[in-house]
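The values are calculated or read from the model by the stated rules, or taken from the named source; none is laboratory data. Worth saying up front: this structure is predicted, and the values here are computed from it rather than measured. Cβ coordinates were reconstructed from backbone atoms using ideal geometry, including for glycine residues, and neighbour counts include every protein chain displayed. Quick note on the areas: whole protein, heavy atoms, side chains included, nothing else; ligands and nucleic acids left out. Shrake-Rupley method; radii C 1.70, N 1.55, O 1.52, S 1.80 Å.
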Amino acid sequence: MFEKVLIANRGEIALRIHRACKELGIHTVAVHSTADADAMHVRLADESVCIGPPPARDSYLNKAAIISAAVITGADAIHPGYGFLSENADFARMVEDHGIAFIGPTPEHIAMMGDKIEAKRAMISLGVPCVPGSDGPVTDLETALKLGKEIGYPVLIKAAGGGGGKGMRVANSASELEEAYRGARAEAGANFGNDVVYIEKYLGHPRHIEFQMLADTHGNVVHLGERDCSLQRKHQKVLEESPSPALNSAQREKMGKIVVDALKKLGYRNAGTLEFLYQDGEFYFIEMNTRLQVEHPVTEMVCGLDLVREQIRIASGAPMAFTQEDVRLQGHAIECRVNAENPETFAPSPGLIAEYHTPGGLGVRVDSGLYSGYRVPPHYDSMVAKLIVHGTSRNECLMRLRRALDEYVVGGIQTTLPLHRRLTRSQEFIDGNYDIHWLERWMGLKK
Ligand code: MV4
């Protein structure tokens, strides 16, 4: 087992990783920018290293600074968290080239899944159902028009190096295709420095359902159920839940077997998530995330496992201590992402935290680095806390979640807590009948 782990991240996930390390008897090294010197994870870590000024490119994205910090402190592993360098294959390779363990998948699989075309090709070959579309990049408009005719409109043009919705364009007919094709390539080139695009049948009212996977280095692979992440605003997840209100146990078992077999054949290592669109009873693979996700706690609350502990154990070469038959998915969990934002305009609201009171009680968890007197910096993502609630049923979970939201006090800044208080009282949410467009409609952002 590792002696010392460097946590190459900040905020709530850095604290989350620190906690798992301490419970395994592992010393922790926190890295931070000058803006995060007073952050909770820095205060609690056994050691800390300032890696640069506030801009992420000079600190949390600074590969050399982070690896230097690991070498100087004698860390034998690095956990990247999510975001920043967590899906950067070059970073994973550099870490391993320095004889330091990267707590995550292999650099090869990170690179493979980072190219959405390669990821789809791999999944098709592994027997995972995908959205009908092009077999590879679409390099000219004529090909796009031919494929549009074959697939049938509407179609979606997507960036191979994309994800998170950037560079996506819908074409409802052949006459719209040229503008959509050129627009998608231009935006992909501008956003990712890679203007390679592909085409898919556009699904108009899907849910976003993702399967949590864990694989060790001894050939064992398990799935830990699914998460429904359909409630999104501008491609930012707002609330996630497990299990999905739309799935029954037969569908879960069927899809679970498909994804486990696929990752076994792939020889995957560590944690990973396969993202699907789910529409009219059918699953369609769209992307794979080769990192721990923000919303991993809803899976932890339902399966009773500490996913970061499992990641660390797997990275140290230990076999998983359980098989698929041992996995028990119990009850229901919902996570509300709490952002330092104006709950109406979503304008960032950094600043000094005045009074701070977190909810408690059975089945209530708050993952956050906030404390009274902490100053939320303006430089980074606005998510400052996650409220995760578990109940034996979805209704019990909802009752508990509303109660917990009403207890939660964050003074000094604005947060999205009022949005969650309204959302969890909306009948359509309570009924669980929502797709990926519902939240923006409910918020009046789209018709
Ligand atoms: C799609 C789609 C409909 N049809 N692909 C959005 C970002 C990336 N994760 C993939 N996304 C989508 N791909 C096809 N063929 C709709 C979306 C999409 C979406 C997906 C999941 C959650 C929220 C979304 C919001 C807008 C569009």
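Here are some notes:
- Within the stretch 41-65, residues that are more than 16 Å from H79 (Cα to Cα) sit with their Cβ atoms under 7 Å from residues that are charged (D, E, K, R), at 6+ positions apart or across chains, in these pairs: G52/D58.
- Residues satisfying the stated conditions in the stretch 105-144, i.e. within 16 Å of G162 (Cβ to Cβ) and over 23 Å from the mean Cα position of the chain (by Cα): G133, S134, G136, P137, V138
- All positions within the stretch 393-422 that are in a helix (DSSP H, G or I) and either open to solvent by 30 Å² or more (accessible area, probe 1.4 Å) or without any contact (Cβ under 8 Å) to a residue 12 or more places away in the chain (or both): R394, N395, E396, M399, R400, R402, R403, D406, E407, P418, R421, R422
- Considering the stretch 164-180, and only residues there that are surrounded by fewer than 18 Cβ atoms within 10 Å (Cβ to Cβ) and closer than 30 Å to S244 by Cβ, the residue that is farthest from the ligand (Cβ to nearest atom) turns out to be N172.
- Residue identified as over 23 Å from D435 (Cβ atoms), touching a strand residue (DSSP E or B) at 6+ places or on another chain (Cβ under 6 Å) and surrounded by fewer than 21 Cβ atoms within 10 Å (Cβ to Cβ) among G189, G219, G183, G161: G183
- Strands (runs of 3 or more DSSP E) enclosed by the stretch 1-86 - at least 1 residues per element that are more than 23 Å from the chain's Cα centre (by Cα): 4-7, 27-33, 47-52
- Conditions (1) at pLDDT below 95; (2) within 14 Å of the ligand (Cβ to nearest atom): number failed by G189: (2)
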